[in-house]
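Shown next, in structure tokens, is the structure this report addresses.
The values are calculated or read from the model by the stated rules, or taken from the named source; none is laboratory data. These numbers come from a predicted model, not from an experiment. Cβ atoms come from the backbone with ideal geometry, glycine included; neighbour counts cover every protein chain shown.
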Amino acid sequence: MEYSLELIQGLSLFIFASGMLTLVTYFLGITPQYGKHIKDSNISINARLAWFIQESPSCLVPAYIVYNFGPGNISPPHLIITLLFMAHYFQRSFIYPLLMNKHSKPVPVFIMSSAIMFTSINGFAIAGHQCKYGSLGEEWIYSTQFTVGVLMWIVGLMINLHSDHILRNLRKEGDSGYKIPQGGLFDYISGANYFGEIVEWCGLAVASNFGIPLSCFALSTLFVIGTRGLAHHKFYLQKFEDYPPNRKAVIPFLL
């Protein structure tokens, strides 16, 4: 497999550009195709299966790259960063789908296919850069910046998991329709789960000393799921007359 720096940087810029495109299209009035905003399609796949298929490359591709290089040949901070990246997507690929509501809306195949391409490219760029071109020595794991970045990742993951738990338990058995999420960061923002994930990837970018692939991914995440949060916030405001007026969309107290 080719791990040229030029290829990795080019793929990273593609990830950044895809996020920018999502941001631009949102401000042009095109709602992101995600969750409740997905349009019905004649060619769709079960949501649980689709989620597993589209997210697993972010775990499996880095796992192969780490195995290919050999964990002992990878500088400890870069190995830790790669494993943290994989840990998030292990949960997203193999645990989260099992927890999803069995009545979740099917995912159109074209959306799943786009996600597969994104996760495969992103996983390759991040893991390839960390394993082959990471220049941080072992002493970096004792630095304040690395510690802050890893703590951000942990806090973001906890916010993301807790928010998903709240969303899964909004409806009791037999309930239908949409509910206003309450508790945790949902008391402050409509997209608490999205905010958690943004914090995660910003944390890994900090821990990596702002390596290009992780920085591009963090920005792309901010643009892509940030716009999802804005779309959800708009939906809630239109759907519920009693929606909390002081609740922001994605970033507490700001946006």
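Selection of first residues in the range 68-97 that are over 22 Å from Phe210 (Cα atoms) and of second residues that are among the hydroxyl-bearing types (Ser, Thr, Tyr) and at pLDDT 95 or above, restricted to Cβ pairs under 7 Å at least 6 apart or on distinct chains, gives the following pairs, ordered by first then second residue: Ser93/Ser56. Return yes when Val250 is crowded, with 18+ Cβ neighbours inside 10 Å and in a loop (DSSP other than H, G, I, E, B) and no when it is not. Judged against the criteria, Val250 is a match.
Please find, within the range 197-239, the residue that is surrounded by the fewest Cβ atoms within 10 Å (Cβ to Cβ) out of those that are aliphatic (A, V, I, L, M) and free of Cβ contacts under 8 Å to residues at least 24 places away in the same chain.
So in the range 197-239, the residues aliphatic (A, V, I, L, M) come out as 198-199, 204-207, 212, 214, 218-219, 222, 224-225, 230-231, 237.
Cutting the leftovers down to free of Cβ contacts under 8 Å to residues at least 24 places away in the same chain gives us 218, 237.
Numbers: Ala218: 24, Leu237: 15.
It comes out as Leu237.
Does any residue of the range 176-197 turn out to be under 29 Å from Leu5 (Cα atoms) and not polar (S, T, N, Q)? Yes - at least one qualifying residue is present in the range 176-197. Which number in (1) under 14 Å from His233 (Cβ atoms); (2) out of contact with any strand residue (DSSP E or B) (no Cβ under 7 Å at 6 or more places or on another chain); (3) at pLDDT 95 or above marks the one condition that Tyr188 misses? In the conditions (1) under 14 Å from His233 (Cβ atoms); (2) out of contact with any strand residue (DSSP E or B) (no Cβ under 7 Å at 6 or more places or on another chain); (3) at pLDDT 95 or above, Tyr188 misses (2) alone.
Would you point out the residue of the range 65-95, among those that are of a type in the set (Gly, Ala, Ser) and under 17 Å from Asn122 (Cα atoms), that is surrounded by the most Cβ atoms within 10 Å (Cβ to Cβ)?
First, pick out the residues of the range 65-95 that are of a type in the set (Gly, Ala, Ser): 70, 72, 75, 87, 93.
Applying the additional criterion that residues be under 17 Å from Asn122 (Cα atoms) yields 87, 93.
Values: Ala87: 13, Ser93: 21.
So, considering only residues that are of a type in the set (Gly, Ala, Ser) and under 17 Å from Asn122 (Cα atoms), the one surrounded by the most Cβ atoms within 10 Å (Cβ to Cβ) is Ser93.
Residues Leu204, Leu167, Leu219, Leu214: which one is closer than 23 Å to Thr22 by Cβ and modelled with pLDDT under 95? Spell out how you get there, then give the answer.
Numbers: Leu204 fails: modelled with pLDDT under 95; Leu219 fails: modelled with pLDDT under 95; Leu214 fails: modelled with pLDDT under 95.
It is Leu167.
Please note which helices (runs of 4 or more DSSP H) are completely contained in the range 50-162 and include at least 1 residues that are within 30 Å of Gly177 (Cα to Cα) and either more than 16 Å from the chain's Cα centre (by Cα) or among the polar types (S, T, N, Q) (or both).
Working: elements: 57-69, 76-90, 96-99, 109-128.
Helices (runs of 4 or more DSSP H) meeting the threshold: 96-99, 109-128.
Taking the condition touching a strand residue (DSSP E or B) at 6+ places or on another chain (Cβ under 6 Å), at pLDDT below 95 and closer than 19 Å to Phe195 by Cβ, does Pro244 pass?
Numbers: touching a strand residue (DSSP E or B) at 6+ places or on another chain (Cβ under 6 Å): no; at pLDDT below 95: yes; closer than 19 Å to Phe195 by Cβ: yes.
No.
Can you pull out the residues in the range 104-130 that are crowded, with 22+ Cβ neighbours inside 10 Å and modelled with pLDDT under 95? Within the range 104-130, Val107 is the sole residue that qualifies.
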